[in-house]
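The next block holds one structure in the form of structure tokens; read it before the comments.
No lab work stands behind these numbers, since they all come straight from the coordinates. Predicted model, so just to flag it, every value in this text is computed and none were measured. Reconstructed Cβ throughout: ideal geometry from the backbone, glycine too, with neighbour counts over all protein chains shown.
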Amino acid sequence: MRFFLSLAVAIGITTPALSDVVPIASMQRGQTATVEGVVDKFFDSDEIRLRDESGTVRVYLGPQMIDLKSGEHIRVSGVLDNDLLLNEFYAREITRENGENIIVRHEYE
């Protein structure tokens, strides 16, 4: 095992951290991930479409109002649901270009 780790470091193999940004198109159902892109469309006050070079995904923002703008570049951490028909990414944290972090709470009354 020690040899493998030394070899991996020597040839530059790395394991991506959870916070590493992944392309939208490479996400798998049920995966926790961080994606980055442009707010492309608003479906409602609680859902947007996020676009990167690889594709798009619907992002559920939760019941609180989050003041996002069309064309705004954001980073979103969350989980892709396990729905077979309509993949929806449930946001847990949003980071704006200016560094502002928004924690998304999915609490319902």
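Miscellaneous remarks
- On the beta carbon distance between residue 64 and residue 88, with R0 = 22 Å, the FRET formula returns roughly 0.80.
- Only Lys, Arg (+1) and Asp, Glu (-1) charged, at Cβ; segment 17-103 dipole about Cα centre in debye: 80
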